[in-house]
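> A single structure is presented below for examination.
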2 protein chains.
Amino acid sequence: MFKEMPKESLYEFVRQAVPCVGFNTRRATRLVTQYYDKTLAPSGLRSTQYSLLSALSMMDEASMQELAHILAMDRTTLTRNLSPLLRKGLVKVKVGSDRRSRPLTLTPKGQSTLEKALPYWEKAQSRIVNEIGAEQWDLMMRGLHQISMIVEENT
Amino acid sequence: MFKEMPKESLYEFVRQAVPCVGFNTRRATRLVTQYYDKTLAPSGLRSTQYSLLSALSMMDEASMQELAHILAMDRTTLTRNLSPLLRKGLVKVKVGSDRRSRPLTLTPKGQSTLEKALPYWEKAQSRIVNEIGAEQWDLMMRGLHQISMIVEENT
DNA sequence: ACATAATGAGTGTATATACACTTATTATTG
DNA sequence: CAATAATAAGTGTATATACACTCATTATGT
């Protein structure tokens, strides 16, 4: 069916022939995450780890469920994602007044690691936002939030 | 810092306070993938598997590298993603004329599984596209492609 | 033709992701 | 107050993801 088609056109064809919301968001996210991972590498943080620390730094302390909700991440995924951060001593787990809960806080080392990572994040971020333009990125953000809300309601 | 803030506002605050392209695309993708996974469940396929089969069905046969490139996925990730599909007999691996290559094709079972999954995919897809509107989704698609291209050039 | 480059793909390891199930603790209800 | 329901979090298992490294095969340069 596509034997006559040159390879480069085939790439373009398939990419554009798949209109799936899931396919396209996952595909873009793979690329974006690879890019942020590479740029953040000198800080020793992966993209997900940077996001987690960044969200946590905005809160006094967070229960696992709160943080998982904010990150739109399964609670058990957060447990696993936490483990390299605990090992490196960037996050601390306490025991709450309700002894079932395990409130999370950033350690001083976590705070300083985040600060050291900031310039690398800014480099990656500005590269993308400058190229597509601030208004375009604003539209994208709104679209992503809109899709997220539709899907969150549906749970 | 946020102790006075009610929990619900905190969620909204943190979500909107993190302007990171990576954070927002990953977050939305987690939600979207969960949604497609749930909707596709009766077909026995996960989102990624559906995408892979779908792309493969548009090609006569694909080398691993071609397919990995189309999916913007590391070649070794494709190797791993293939394994449940091979186990279920949905994809077949041949040996090419160049004996280093391993061309992939959909099996008849793979084709029929994809066809059976189509209505479930349509349900998930139309739900989202109807809610945000076709023009809005078109804008999103263009934005995702634009970001993908910026990032791909930077490799 | 042979030594070396380049290329296509797989493995080892680590993180990311989520579901089903379990454990520990707190809340509720009779 | 004791039995039971609800809640917060962890484990087992499977897939998803990518980097460093390796292996096998083809291409290339002399």
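> When the Karplus curve 6.51 cos²θ - 1.76 cosθ + 1.60 is applied with θ = phi - 60°, which whole-Hz ³J(HN,Hα) does each residue of segment B:121-131 get, with x for Gly and Pro?
Once rounded to whole Hz, the list reads 4, 4, 4, 4, 4, 5, 3, 6, 5, 4, 6.
> Need one value: the accessible area of A:ARG102 in square angstrom, 1.4 angstrom probe, rounded to the nearest 10.
Accessible surface of A:ARG102 is approximately 110 Å².
> List the relative contact order of segment B:45-153 as a percent without decimals, with contacts defined as Cα pairs under 8 Å and 6+ residues apart.
Relative contact order, segment B:45-153: 24 percent.
> Rounded to the nearest 20 debye, what is the charge dipole size of chain A about its Cα centre when +1 sits on each Lys and Arg Cβ and -1 on each Asp and Glu Cβ? Please report the intermediate quantities before stating the final value.
Values: 22 positive and 16 negative charges, 176 e Å.
Dipole magnitude for chain A comes out near 840 debye.
> Among the listed pairs A:LYS94/A:LYS123; B:LYS94/B:LYS116; A:LYS116/B:LYS38, which are separated by more than 31 Å between their Cα atoms? List each step's numbers first, then the result.
Numbers: A:LYS94/A:LYS123 34 Å; B:LYS94/B:LYS116 25 Å; A:LYS116/B:LYS38 39 Å.
Table pairs above 31 Å Cα-Cα are A:LYS94/A:LYS123; A:LYS116/B:LYS38.
> A further question on this structure: Compute the long axis of helix A:47-57 from its Cα atoms, compare it with the longest principal axis of the Cα atoms of chain A, and write down the angle in degrees, 0 to 90, nearest 10.
Helix A:47-57 sits roughly 40 degrees off the main axis of chain A.
> Still on this structure: Name the residue farthest towards the positive end of the dipole of chain A from the options A:GLY89, A:HIS145, A:THR25, assuming +1 on Cβ of Lys and Arg, -1 on Cβ of Asp and Glu, about the Cα centre.
Of the options given, the answer is A:GLY89.
> A further question on this structure: Based on alpha-carbon atoms only, what is the radius of gyration of segment A:32-153 relative to the globular estimate 2.2 N^0.38 Å?
This ratio for segment A:32-153 stands at 1.15.
> Each residue of segment B:27-40 in turn: what ³J(HN,Hα) in whole Hz from Karplus with 6.51, -1.76, 1.60 and θ = phi - 60°, glycine and Pro shown as x?
With the stated coefficients, segment B:27-40 comes to 4, 5, 5, 4, 5, 4, 5, 4, 5, 5, 4, 5, 5, 7 Hz.
> Also: Once you average over the residues of B:39-50, how many Cβ atoms of partner chains fall within 10 Å of each Cβ?
1
> Would you tell me the accessible area of B:TRP121, worked out with a 1.4 angstrom probe on the heavy atoms of the protein chains, in Å² to the nearest 10?
The accessible area comes out at roughly 30 Å².
> Copy-to-copy spacing for A:GLU12, label 7 Å out on the Cα-to-C-beta vector, in nm, shortest first?
Label-point distances to the other copies, shortest first: 4.4 nm.
> Ok, one more. If each label sits 7 angstrom from Cα along the C-beta direction, how far apart, in nm, is A:LYS109 from its counterparts in the other copies?
So the label point of A:LYS109 gives 5.0 nm to the other copies.
> Shifting gears a bit: Determine the calculated [θ] at 222 nm for chain B from helices alone, applying -39500 (n - 2.57) to every DSSP H run no shorter than 4 residues and normalising by the residue count; nearest 500 deg cm²/dmol.
Rounded to the nearest 500, it is -23000 deg cm²/dmol.
> For segment B:44-106, what is one quarter of the convex hull surface built on the Cα atoms, given in nm²?
Approximately 4.0 nm², given one-decimal rounding.
> Provide the three semi-axes, in whole Å and in decreasing order, of the ellipsoid equivalent to the protein assembly as shown as defined by the square roots of 5 times the Cα gyration tensor eigenvalues.
Over the Cα atoms of the protein assembly as shown, the semi-axes work out to 36, 21, 20 Å.
The values are calculated or read from the model by the stated rules, or taken from the named source; none is laboratory data. This one's a predicted model, so the numbers in the text were calculated from it and none came from an experiment. Please note: Cβ atoms are built from the backbone with ideal geometry, for glycine as well, and neighbour counts cover all protein chains shown. Side chains are part of the model used for accessible areas, which takes the heavy atoms of the whole protein and leaves out ligands, DNA and RNA. Shrake-Rupley method; radii C 1.70, N 1.55, O 1.52, S 1.80 Å.
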